[in-house]
Amino acid sequence: MTQHLWDALTEVQDPEMPVNLVDLGLIYAIKERDGVVEVDLTFTAMGCPASEFILEDVRDRLMRETGVTEVRIHVVWDPPWTVARMTEAGSDALESWGLAV
């Protein structure tokens, strides 16, 4: 069960927007087997200036979970990210900051 890993990533904020990565819709998949966690994630745009920070924050946060011994992150571009991937909470957070979605 990976729900605790999804929950952990709700603590990781996008450095450029006041929304966590899960609500922003950047996390596509999480798999765990024998302590190895694999994460498929994307960015809002290619060349995202915060990409290295995001990758580091995801890895650091997941490594704090009990039983996690390794984190492998796969950056995927298909399907492309759109605002439709955001949760209602993510949309609400951006709107509260004055950002239209």
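Each helix, a run of at least 4 DSSP H residues, gives -39500 (n - 2.57); summed and divided by the residues of the chain, these come to -9000 deg cm²/dmol at 222 nm. What's the angle, to the nearest 10 degrees (0 to 90), between helix 51-63's Cα axis and the longest principal axis of the chain? Here the helix axis deviates by roughly 40 degrees. Taken over the chain, the alpha-carbon convex hull comes to 95 cubic angstrom per residue. Surface calculation, 1.4 Å probe, protein heavy atoms: residue 86 sits at approximately 20 Å² accessible.
The values are calculated or read from the model by the stated rules, or taken from the named source; none is laboratory data. A quick note: this is a predicted structure, and the numbers were derived from the prediction, not measured. We work out accessible area using only protein heavy atoms, side chains counted, and drop any ligands, DNA or RNA first. Shrake-Rupley method; radii C 1.70, N 1.55, O 1.52, S 1.80 Å.
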